[in-house]
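What follows is a set of notes on a single structure, which appears directly below.
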Amino acid sequence: MAMPTVWFCLVAVMIAVYVLLDGFDLGRASVVSTYR
Amino acid sequence: MMVLWLLILRGISIEFRSHVSGPLWSPFWDLIFCLSSALLAIFYGAALGNVVRGVPLDASGYFFEALWTNFRFSKDAGILDWYTILVGLAAYFALAEHGALWVALKTDGAVRQRAQRIARLGWWGVALLTVGLTLITLRVQPLVLANLTGRPWGFLFPAIAIAGLAGMFAFLRGENTAARERKAFFSSSAYLLGMLTSAAFGLYPYVLPARGGAALSLSIYNTRTSDRAMQIGLAWWIIGMILATSYFIFVYRRFAGKVGGGTGDEHGY
């Protein structure tokens, strides 16, 4: 696989994992007042 | 700049809410925390919508877009048009669902029940927006369908998203156990992973499509650096990822299990 394609895949996976790991923080905060 | 302000508001909301005791002070900062987080999710989604839809890049690789113009999907559309707003709303629903499932997994009692109720209701919003957005995206960005039909193995990514969506629906209903809550959260993770990798696969090899055509678009070929630089970067990336992954495994193990309930008057962190 060519290096530009390797980096395209790596960046896509990094963004996806960031959304998974930070997304639940943003998500639960956006409905936080509902919990109180 | 707006994203930066929203991030700042999130930080100071957590900090300020416990500085003064009063009937309005903490609820006010909780509201700011809630609104800034929701807007952040919507703006991240709108940014992704702009990448999928394309931006008005010129021959030198630069572009300027107004925040909004007439909200129509046209050549002079701004950052916010009906398509990017729809992507923002979909991002908000998907992340609120993900967050509610996380809260259900980490808490007990009334908070857990409310989080589960929000997740059950929110699923319908996520499902409706996913179906609608997928159909509209295939028309807004024809490259997505061309990539999928050209390389049929790429249907694996939307299949992961559909499986995640179905998993959330199944595990949010029936017997209420910790194992099912965990499965529902992992289903939500699979859904997000499937949606984002589908978008990346659909845009390949472009990193930023231009509205003016493929010749103006930024791709992995016309933005690349040398092979040598990418190889060195890959070596350091592997080392960095090992360190980051180790740190995350340590943190998640350290804070594993349910968290204790509070009165809501303690520090926000």
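No value in this document is a laboratory result; all are computed from the given coordinates. None of these values were measured; they are calculated from a predicted model. Glycine also receives a Cβ, built like all others from the backbone with ideal geometry; neighbour counts cover every protein chain displayed.
Miscellaneous remarks
- Candidates B:Ile162, B:Ile232, B:Ile136: whichever shows maximal mean-square fluctuation once chain B is modelled as a Gaussian network with Cα springs under 10 Å: B:Ile232
- Spatially proximal lysines relative to B:Lys183 (Cα-Cα < 27 Å; intrachain offsets below 8 disregarded): B:Lys106, B:Lys258
- Residues with amide H under 5 Å from that of B:Ile79, placed H, sequence gap 5 or more: B:Ala66, B:Leu67, B:Trp68
- Using alpha carbons only: equivalent-ellipsoid semi-axes of segment B:117-269, gyration tensor based, whole Å: 35, 26, 15
- Highest-fluctuation residue, B:Gly202, B:Gly78, B:Gly61 considered, GNM on chain B with Cα pairs under 10 Å: B:Gly61
- Within chain B, longest stretch clear of exposed GluC sites (Glu not before Pro) (DSSP loop, no more than 16 other Cβ within 10 Å): B:66-174
- Given charges at beta-carbon only (K, R positive; D, E negative), |dipole| of the protein assembly as shown in Debye: 640 debye
- Among B:Ala46, B:Ala38, B:Ala146, the largest mean-square fluctuation in a Gaussian network model of chain B, built with springs joining Cα atoms closer than 10 Å, belongs to B:Ala146.
- Within chain B: Cβ-based charge dipole about Cα centre, in debye rounded to nearest 20 (Lys, Arg +1; Asp, Glu -1): 620 debye
- Angstrom value of the Kirkwood radius, inverse mean 1/r, which spans all Cα pairs in segment B:46-171: 16.6 Å
- Span per principal axis, largest first, for the Cα atoms of the protein assembly as shown (Å): 58, 40, 39
- Label-to-label distance, nm, for residues given as B:Leu121 and B:Val251 (7 Å Cα→Cβ offset): 3.1 nm
- Positive-end extreme of charge dipole, the protein assembly as shown - chosen from B:Gly257, B:Ser37, A:Ala16 (charges on Cβ): B:Gly257
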